[in-house]
Amino acid sequence: MPDLVDNVLTKLAVLIAEGRFEPMETDGLEIKPVPADSGSWRERHKSINAFLNTRGGILLLGLKEQGEGEARRWVFSGYRHEAEEKLKEFSRLYTDRKGAALDLREAFPPPQIREFQGGQVAVLYVDELPADRKYVFYRGEAWKRIFTGDHKLSEAEIERQEEYQAERWHARELEPVPGATVDDLDLDPLNEYIQQLNRPVKVETIKADLEAARGFLERKGFVKDGQVTTLGMLVCGRHPGDRLGFRCHVHGYVDVPQQVAQDKQDMIGNILPLMQSSLSYILRNIQIGVSIAGGGTASPQYPEEVLRETVNNALAHRDYSINKQAIISIKPGLHISIRNPGSFRRHLLIEHPDDPIPLRRIIPEAKARNPKLADVLRVYRKWEGKGIGMATLVNLCLEDRIDLPSYRIYSEEVCLVLTPGPMLDERMKTLLASFDSYIAAKLGGRLSGEQQLVLAYLMKAEWANEQHHYTILLTPDNNHFDQLVALERAGLLLKHRLSTAVQPIYLADRVLMQKDYRQELKALFGDVSELAPLAGRCLNVLWRHGKFSSQRAVTARQAAFALWHEEKGAPQTIREFESFYRKVKTSFNKLEKGEYIVRESERSRGFVLNEGFPADHLL
């Protein structure tokens, strides 16, 4: 099977033959000619430092970009054998923050020389350093990889990493399991791990027996001082349930009024089978629709990738010092919750519940709670080290594929709640439509689809914070940065008063967030406290449309939909909604009779507020 480098070289050969240029470099691939002088080599050393500190990568030497504009193209420059010593010295070039030299040979699989276009190119593979070894420095500076560029790590980032290393007691996956010895390990899953580790370059031999594996087990943290660790038992332990208790349990149940036996399941096992069985349990029990656009294909309520990464991250980040099981609860059609032993680090939480605009936000972080376990899972492509769980959740929200995810935080547990999408649901569409005139005046036009999603995310996050749910902070360093800038410039976004330059906290325009127009209605009608609560809520809808919408008039049915979505979510049955609609229609009749509202015109079915309301007329 061709590997990544094969594919890249095949593509480059085509581009060179056609004299064309296409971007090939990524955050994990650097393509450069063999440096001709020390200064150019230092630039390569900097890139390798960035790979080590970020997510690893590949340096491909022997090709270069040439020309500008339409004349820009890839050119084969070739590998020179005098560069061999330079390739070998990479693992000795880097230091810790104090300048002490480091031996990083484990992060550098043997470089390769490959045939290409009648010559050769060199391939240098660089593994990401484990979280407990970051950051490393080159000439006194540490670098990170962002897209195709190398950027200096800030002092604040370096200090946060040092704080993280000081907190490594949280990494309880390295604690010895009482009474467990090497004989409690299973050779087959251990060798399977080594096979995965040897992709794409062989770095370890398959073990004939556990005695031959002892040095490898110690080096990887599976065994410590002769005792098997939690990590070792999770990855390749025999009968892990006997040794780890609830630490290797996931309990699943379907939350319905009348449960049956098959709705419940206890999953027990090593970490990889446990991840797969947990995902399979969710997929079996969520609702599946049929996609017309997809020619009748099955369409799960939740994207499978978010379920997979949510399960993987839950088990990768849980606190293994707590002898409790993870719990998956499925409420069909409403939500999935995954309750996990552990907590968020305090510096990741923005908590100001008593502020006039309450804040309960979580700052996404890429650092693993269990760094050695994360290294194993990365080998199996089960964890990517980019804060991928939260990043994926936010991205899927802003692609309108899931609704807002939120967290509940307990004393020793964190509960993630996933709600089926879309983010831009009927409530948000109806609400934003009721402000279309106001938005157009501030923005100078209509909202784009991405701008609607950004506003919807921030508005829903604030509503969730009011209900004691924590939400993921939407930051400028994501794919929707342009929308944040444009919306803030138009005044449709603002920063919370507790926002900082390092951690901006965005809020939707306060006009868009206002739900209650009691004071404005009082100025028009006098005391409205005697009105029935539903009638008052109907007046709120009419006020909003009258002041902020291009469609000023509102029918009773439109008001019923707006109020239903605001208060109850999507109607579960037509009968349920029709019953509510009749109540709204009755309220409209009474408001019309009391002259609070009038028809927009004689033939119109829509109503507007009566600006000429007689103050002495009572409902």
Problem set entry | Number of positions in the range 217-240 that are open to solvent by 30 Å² or more (accessible area, probe 1.4 Å) and either farther than 21 Å from residue 195 by Cα or in contact with a strand residue (DSSP E or B) (Cβ under 6 Å, 6 or more places away or on another chain) (or both) | 5
Exercise. Counting just the residues of the range 55-77 that are surrounded by 18 or more Cβ atoms within 10 Å (Cβ to Cβ) and touching a Gly at 6+ places or on another chain (Cβ under 6 Å), which one comes out nearest to residue 35 (Cα to Cα)?
Worked result: 62
Problem set entry | Odd one out for residue 24, checked against (1) within 24 Å of residue 83 (Cα to Cα); (2) assigned to a helix (DSSP H, G or I) | (2)
For this session: Might you check whether a residue that is within 38 Å of the chain's Cα centre (by Cα) and open to solvent by 10 Å² or more (accessible area, probe 1.4 Å) occurs anywhere in the range 521-535?
Result: no
Seminar exercise, completed: Of the residues in the range 561-613, those that are of a type outside the set (Phe, Trp, Tyr), touching a strand residue (DSSP E or B) at 6+ places or on another chain (Cβ under 9 Å) and under 15 Å from residue 537 (Cα atoms) come to 562, 591, 592, 597, 608, 609
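Suppose the filter is in a loop (DSSP other than H, G, I, E, B), closer than 27 Å to residue 157 by Cβ and open to solvent by less than 20 Å² (accessible area, probe 1.4 Å); does residue 498 pass it?
Numbers: in a loop (DSSP other than H, G, I, E, B): yes; closer than 27 Å to residue 157 by Cβ: yes; open to solvent by less than 20 Å² (accessible area, probe 1.4 Å): no.
Criteria not met by residue 498.
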Exercise. Are any of the residues in the range 478-495 among the aromatic types (Phe, Trp, Tyr) and surrounded by fewer than 16 Cβ atoms within 10 Å (Cβ to Cβ)?
Worked result: yes
Problem set entry | Enumeration of residues in the range 27-54 that are closer than 15 Å to residue 87 by Cα, open to solvent by 20 Å² or more (accessible area, probe 1.4 Å) and under 29 Å from the mean Cα position of the chain (by Cα) | 46
Problem set entry | Flag for residue 14 being surrounded by fewer than 18 Cβ atoms within 10 Å (Cβ to Cβ), outside any loop (DSSP other than H, G, I, E, B) and under 35 Å from the mean Cα position of the chain (by Cα) | no
For this session: Look at residue 554 and say whether it is free of Cβ contacts under 8 Å to residues at least 60 places away in the same chain and within 28 Å of residue 459 (Cα to Cα).
Result: yes
Exercise. Pairs, please: C-beta under 9 Å, at least 6 apart or cross-chain, first residue touching a residue at least 12 places away in the same chain (Cβ under 8 Å) and of a type in the set (Val, Ile, Thr) and in the range 529-544, second assigned to a helix (DSSP H, G or I) and buried (at least 20 other Cβ atoms within 10 Å of the Cβ)?
Worked result: 541/558; 541/559; 541/562; 541/563
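The values are calculated or read from the model by the stated rules, or taken from the named source; none is laboratory data. Computed from a predicted model, the values in this text were never measured in an experiment. Every residue, glycine as well, gets a Cβ built from its backbone with ideal geometry; the counts of neighbours run over all protein chains shown. For the accessible areas, the whole protein counts, side chains as well, though only heavy atoms, and no ligand, DNA or RNA atoms are used. Shrake-Rupley method; radii C 1.70, N 1.55, O 1.52, S 1.80 Å.
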